[in-house]
Amino acid sequence: MRVDLAGFAREGTLGDHAGLMRLVERADELGFGGIWFNEFHFKRRSIPYPSTLLLGAEVLARTRHLRFGTSILVLPLYHPLLLAEQIAQLDFQSGGRIDVGIGRGTEPATFDALGVSRDHAHQRFTEALRIMIDAWTGQRCSATSGPWHFSDIAVGPPPVQKPHPPIYVAGVSEETVDIAASNGFPLLLSLEPNEARQLPVFHAALERHGGLRDPLAASSLSRYTVIAATRAKALEQVEDLLERLNARRAERAIARGANPPPPRDRASMLSDFTIAGTPDDCHAQLCALSQRTGAESIRCLFSANGLISNDAALAGMELFANEVLPRFRQEDSTPKRSESAERKPALQGEN
């Protein structure tokens, strides 16, 4: 199983950039697979890193093994030639350590601020994706219809990762998930709400396109992660996190002019949104989650999108790296008995 990190520097105050970079360097030393950062624009007081690619340049320069992921780049907001060029440069600079999470976007205010019609988001998304792949895999690319028009443009440098950097698709709608399935791209599965509504749509799309299973295995799940030396201590931390999470969900609903949602209870938190407990508990829960969903990659939110301090999150990362990651490495190095034993049954639904 690939274990990545996510949720840092998304919410709250601008924070300490030097401290975040120290955490990134430690994550590299601890052996985590990658770290993902979200893209949000025009939030002056709460989001210090609106450009994930600028942040990625420093993260990749400070690390040797850790991969950097975008979760997500909102393709309709960009000219695809410039975006393909920037990603190719980062892939070259890092020796092939960038993962490209893409999506159509869900923030109407950003589209409005940039004068991009939301009615054209799907068209811009699909055409931008085509152009970027052509730019990475061919000598030159052209566009004769749609939002962008150009002819015989070369984009470089050539990506280190062939045929192009890994692409992950974030989406819920049938049309967006279908794009992932038809191209064999894995999904970047959400947490709030969790993957329950995405996976059945993905399964149906994969069946329509020949029943591929490889992109399902590479798809990345997401969970709050609370680990402690004892189960009682971990559950105490979950209760504190749940209280803060319910308060934040209510605040967001009120800010949108909606009624606060019903508070999430502990049972739901533990079953659907959180990996929690001792190292043994966390290992068992992650294995069960992978077996149930078919996904073999997870993004752990040790900081819970800013609800847990980076210092506390780092302590959890240290324990997880020392006690859980070695088990996955050992399991990954153990030869599989057969191809049929490795395959997981197709998911029919989620609780």
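The values are calculated or read from the model by the stated rules, or taken from the named source; none is laboratory data. Nothing here was measured: the structure is a model prediction, and the numbers come from that model. Ideal geometry is used to build each Cβ from the backbone, glycine not excepted, and the neighbour counts take in all protein chains shown.
Table for the structure above
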item	result
Options Leu286, Leu319, Leu314, Leu325; residue that is under 13 Å from Arg223 (Cβ atoms) and either surrounded by fewer than 15 Cβ atoms within 10 Å (Cβ to Cβ) or at pLDDT 95 or above (or both)	Leu286
Positions within segment 99-120 being closer than 19 Å to Arg130 by Cα and either among the aromatic types (Phe, Trp, Tyr) or assigned to a strand (DSSP E or B) (or both), in sequence order	Asp99, Val100, Gly101, Ile102, Gly103
Lone unmet requirement of (1) in contact (Cβ under 8 Å) with a residue 60 or more places away in the chain; (2) farther than 30 Å from Thr274 by Cα for Leu189	(2)
Residues of segment 95-120 that turn out to be of a type in the set (Asp, Glu), over 28 Å from Pro158 (Cβ atoms) and under 23 Å from the mean Cα position of the chain (by Cα), as a count	1
Among the candidates Thr110, Thr70, residue that is surrounded by 15 or more Cβ atoms within 10 Å (Cβ to Cβ) and in contact (Cβ under 8 Å) with a residue 40 or more places away in the chain	Thr110
Test: residue in segment 257-267 that is modelled with pLDDT of 95 or more, surrounded by fewer than 18 Cβ atoms within 10 Å (Cβ to Cβ), over 20 Å from the mean Cα position of the chain (by Cα) and among the acidic types (Asp, Glu)	yes
Qualifying residue in segment 252-269 (condition: within 22 Å of Phe37 (Cβ to Cβ), of a type in the set (Lys, Arg) and out of contact with any Ser or Thr (no Cβ under 8 Å at 6 or more places or on another chain))	yes
Unmet requirement for Arg22, which otherwise passes all of (1) within 23 Å of Val324 (Cα to Cα); (2) in contact with a Leu (Cβ under 7 Å, 6 or more places away or on another chain); (3) surrounded by fewer than 19 Cβ atoms within 10 Å (Cβ to Cβ)	(2)
Hits in segment 153-163 - residues which are out of contact with any Ser or Thr (no Cβ under 6 Å at 6 or more places or on another chain) and touching a residue at least 12 places away in the same chain (Cβ under 8 Å)	Ile153, Ala154, Val155, Gly156, Pro157, Pro158, Pro159, Val160, Gln161
Among (1) touching a Leu at 6+ places or on another chain (Cβ under 9 Å); (2) within 24 Å of Pro147 (Cβ to Cβ); (3) of a type in the set (Phe, Trp, Tyr) - the single one Tyr78 does not satisfy	(1)
Selection within segment 164-186 - touching a residue at least 40 places away in the same chain (Cβ under 8 Å), in a helix (DSSP H, G or I) and over 25 Å from Gly138 (Cα atoms)	Glu175
Any hit, segment 38-53, residues being in a strand (DSSP E or B), hydrophobic (A, V, I, L, M, F, W, C) and more than 30 Å from His149 (Cα to Cα)	no
Members of segment 193-236 that are free of Cβ contacts under 8 Å to residues at least 12 places away in the same chain and closer than 29 Å to Thr278 by Cα	Pro193, Ala232, Lys233, Glu236
Leading residue by the ranking (nearest to Leu199 (Cα to Cα)) among those in segment 266-312 that are of a type in the set (Ser, Thr, Tyr) and in contact (Cβ under 8 Å) with a residue 24 or more places away in the chain	Thr293
Failed condition for Glu174, given (1) modelled with pLDDT of 95 or more; (2) over 18 Å from the mean Cα position of the chain (by Cα)	(1)
